[in-house]
Each structure stands twice: as structure tokens, then as C-alpha cells.
1. I'm told Asp232 meets every condition in (1) at positive phi; (2) away from the ligand (no atom under 16 Å from the Cβ) except one. Can you identify the failing condition by its number?
2. Check every one of the helices (runs of 4 or more DSSP H) wholly within region 276-377 and list those with 3 or more residues that are within 20 Å of Ser89 (Cβ to Cβ).
3. Kindly indicate the residue of region 257-269 that is modelled with pLDDT of 95 or more and not hydrophobic (A, V, I, L, M, F, W, C) and also surrounded by the fewest Cβ atoms within 10 Å (Cβ to Cβ) among those meeting that condition.
4. Quick one: what pairs do we get from region 277-303, first residue under 19 Å from Thr318 (Cβ atoms), second acidic (Asp, Glu), C-beta under 7 Å, 6+ apart or different chains?
5. Taking Arg236 as the residue in question, decide whether it is buried (at least 21 other Cβ atoms within 10 Å of the Cβ) and either touching a residue at least 40 places away in the same chain (Cβ under 8 Å) or outside any helix (DSSP H, G or I) (or both).
6. Which residues, counting only those in region 86-104, are of a type in the set (A, V, I, L, M) and near the ligand (Cβ under 10 Å from one of its atoms)?
7. I'd like to check something: does region 416-436 contain any residue that is free of Cβ contacts under 8 Å to residues at least 60 places away in the same chain and either in contact with a helix residue (DSSP H, G or I) (Cβ under 6 Å, 6 or more places away or on another chain) or farther than 25 Å from Thr308 by Cα (or both)?
8. If I go through region 402-428 residue by residue, how many of them are assigned to a loop (DSSP other than H, G, I, E, B) and aliphatic (A, V, I, L, M)?
Amino acid sequence: MLKSGSWARPVAYWTAREKPGRRANRTAARETVDTGGTGAGLCSSVLQPLVMASEKPQDLMVTCTAPVNIAVIKYWGKRDEALILPINSSLSVTLHQDQLKTTTTAAISKDFTEDRIWLNGREEDVGQPRLQACLREIRRLARKRRSTGDGDALPLSLGYKVHVASVNNFPTAAGLASSAAGYACLAYTLARVYGVEGDLSEVARRGSGSACRSLYGGFVEWQMGEQADGKDSIARQIAPEWHWPQLRVLILVVSAEKKPTGSTVGMQTSVATSTLLKFRAESIVPERMKEMTRCIQEQDFQAFAQLTMKDSNQFHATCLDTFPPISYLNDTSRRIIQLVHRFNAHHGQTKVAYTFDAGPNAVIFTLEDTVAEFVAAVRHSFPPAANGDKFLKGLQVAPVLLSDELKTSLATEPSPGGVQYIIATQVGPGPQVLDDPHHHLLGPDGLPQRDL
Ligand code: DP6
């Protein structure tokens, strides 16, 4: 599963409550997974807020996008629930926004009477605590910036209310929830609206821990920090998105079902009951962070792949060590694990790695020259049910035939429909500002503007 989170999990985070009489049912602009990978819609990173189409100079509207990230050294467990401070550092790869992204528009105006938010076209409860924490934090930073006279003073009253609309370009129903992209995008967009500069880890983190890693492209570490106030618990890029051009990512969508245990509750139970988690956080992760950083810096795929798989397995072992145990993987997930190990054994080297978050969907890392053969192996083991032509989305992958030797090595009983579809993507950049007002999800009246 991609982020186990909540951005697309309104019940846990933003209670999905329609407000009668409002335009809550309007569906804001919703794109679907872009199969062409053209990057259309991503504009330059001009950091100037845009004047709203209403042309009232005191009103501001900004639209930004932010990426999904997938951890290769997992975050699991908090030492401070309110500040969202982790018990261990973590490290992730930012996925390309051509395939997976959140788009968010934020507007402030003296005409708005209350803060309001729409997620994938539905109005959500703006009082949700994590959302409130993000809003409070960004306004605090804006106030601080103004009082210290840092940069241009924002000509707008900080008392103005904000309207926010946010959409994902991947189907929420596919189970690819992304609290990370969602809260990173919220933090980044609000920062532009309120004229806040500098690191936004704290703002994004207060929405969802893993969201701070989506503030940067490429390869990103979230340093756990030591301070009680969390000021040193920040995300930092360790290598840019162009650092390892051959690296490819395949998302194997196994299930669209909502997971039984959300990551927030799951990690609370693990912290309370798992001795293995404590051992992992204190004695395993610090070394793994160093080793993973080295693997990435030196583009050592074999070591990167092995450590990625081991860390995923250890995370799921801590889930099993949790009491009562938590189980995120299903039979298809376990078949994918077996497929990867048999594929690697056939080649006599580690050519493919898997990682799983708090759900059964697999994220595969491999290199450009192995993508086509591995996709063919997935098709062989999980023949598409009815959607053969739509089985592969995202980056183009040339079809290849599997050798009989590889088929024999895989030795799997085909499991039709086990993998619903694959999204092929790569490492990508961090959040972007869209400088074309046509991308705004809110109209000049500050309400969601497009019915799709
Ligand atoms: C398994 O960031 O979703 O994906 O901080 O409670 O919102 P909260 O949790 P969240 O947890 C992600 C856990 C993970 C591993 C990871 O992304 O590092």
C-alpha cells in the first residue's frame, strides 16, 4: 500500500460530513492516473502567489502539487502523539507526479466567513485536529515572519479565513490513499498563500508524519530529532531526483479495500506492546539509515534492494509482534514476495525489490533494464482478469516474452486477478507551484469550480 494514510481516509481524519445547503456535492477537478506520463500540468516553480481571478488585490489564490513518497526505511511509532515525533528516523523515495500527485488550491479572502476544505470534491470537517494543527502552525509561522520583519510583509490580514480544495490524480477507490502527498501539498500551498518560507517539515508532519518526506523530491530522510519540541525532527533531501536515472518503481495494486487497522492506531498499539519495535528503533534503524544513504549515494542497487526488502519485512514482523497482532499483507502480497525472490534467484543477483506499507499493495524497485521482464513475470503469475489492455498504467513498458527457463524458475500456480493493475513510475521532484490560473480548483467565489 502506498501511504497508509488518511488523506483518502476521511473517516479517520477529516470526517466526511456533507453540509446541506452548501456546494458540498460538487466534484472538484479530479484527474485520473495519467497513462502517458507527459508531465502536463506541472509548471515552473515560480513561488509567487497569484492574484485571484476576482482581481481583488487583497485576495490570494495559489495552486500547488505534491508527490507521494514510499519509505525504504520505515517510520513506525511515535514518541509524541500530539507533535507527531517518531521513535526512529526513516528514509523514502519520492515518486513522480506524472503518475501520482495531489493538487491543492488555497485561497484567502476578507469575504470568507469561515475556514473550509474540500477533498476530492466533498466538503470535509475543517475542525479535524490534524488539519487544525497544520492551519495553526502555518499561521503561527506567518505571524512570526511578519513580526520579525522577515521578507515582504504579507499585505493581508492573518485573520482572513482560508478555503482549500484538494484532489488526487489517482483513484482513491484503488486504495492508494496518500496522506503524505495530501498534507505535504496542504503545507506547501498554505505556505505560499501566507508568505511563509523555509522548511515546512513541522507543518506537514502535524498532518501526517510521513508527509514531511513528500516536501522534497528524490531521496529524502526524516531525521527523528531529539528535542522535546520537535524542532529538529525534520525532512532533508539526501539526493535529488536526477541522481539515479535508471531507478524505476512499479506499484502493484492488489486490493482497493480499506485496511482494517489504520497506521496511526496500528503504530500506537505497536509502541505499547512490541518489544521488537523498540529494539528495531534503538538498535537497528540508526545503522540502516547510514547504510541506505550509502547505497543511494553510490547507486548500489543490490545492497539498496536487499536492505529495502529486509526493512519492509522487519516492519511487518513488528506488526506481527504487536499484541493483538496486526497483519497488513495478504496471500497475493506473499505471492509477490515469493515471485521477487524466485526472479532474483533465477538471475543469480538481486534485480528486483519489494516493499509494503500498511496494506497489501506492493511497491517494487528495479532498474530500467529489468522492468519489461519483471512486468511480464507479474502478468504470467497474475494473469489480468478482464482488463488486459489497462493492466499497465504510467510509464510505457515494451512487452517481452518470458523465457521457458524463467517460467520454470518462477514455478507459480497462476493467480488470475490477484494484481489488479500496475502503475509504472520513477523517482520524481518535490512540490510544484502551478502558475497557470486555469489549474485553480476554486473559482473566483472561493468554491470548488469544476464538476467532473
Ligand atoms: C507504514 O505517516 O501514515 O507508511 O503519522 O500517524 O499519519 P501518521 O502515520 P503515517 O505512517 C506511515 C507508515 C508507513 C511507513 C512510512 O511511510 O515510513
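1. Asp232 satisfies all of (1) at positive phi; (2) away from the ligand (no atom under 16 Å from the Cβ) except (1).
2. Details: elements: 285-297, 301-321, 331-347.
Ranges flagged: 285-297, 301-321.
3. Here is the first cut: in region 257-269, the residues modelled with pLDDT of 95 or more are 267-269.
Right, trim to not hydrophobic (A, V, I, L, M, F, W, C) and you get 268-269.
Details: Gln268: 15, Thr269: 18.
Checking each candidate, the answer is Gln268.
4. As it stands, the answer is Leu277/Asp321; Arg288/Asp311; Met289/Glu221, since those pairs meet every condition given.
5. Against the criterion (buried (at least 21 other Cβ atoms within 10 Å of the Cβ) and either touching a residue at least 40 places away in the same chain (Cβ under 8 Å) or outside any helix (DSSP H, G or I) (or both)), Arg236 does not qualify.
6. Hit for region 86-104 is Leu91, nothing else.
7. Step one: of region 416-436, the residues free of Cβ contacts under 8 Å to residues at least 60 places away in the same chain are 416-417.
Going one step further and asking which of them are either in contact with a helix residue (DSSP H, G or I) (Cβ under 6 Å, 6 or more places away or on another chain) or farther than 25 Å from Thr308 by Cα (or both), we end up with 416-417.
Within region 416-436, one or more residues are free of Cβ contacts under 8 Å to residues at least 60 places away in the same chain and either in contact with a helix residue (DSSP H, G or I) (Cβ under 6 Å, 6 or more places away or on another chain) or farther than 25 Å from Thr308 by Cα (or both).
8. Taking region 402-428 as the starting set, the residues that turn out to be assigned to a loop (DSSP other than H, G, I, E, B) are 402-403, 411-420, 428.
Then drop every residue that is not aliphatic (A, V, I, L, M), which leaves 402, 411, 419.
Looking only at that region, the number is 3.
The values are calculated or read from the model by the stated rules, or taken from the named source; none is laboratory data. Just so it is clear, the model here is predicted, and its values are computed rather than measured. For neighbour counting, all protein chains shown are included, and Cβ atoms are generated from backbone atoms with ideal geometry for every residue, glycine included.
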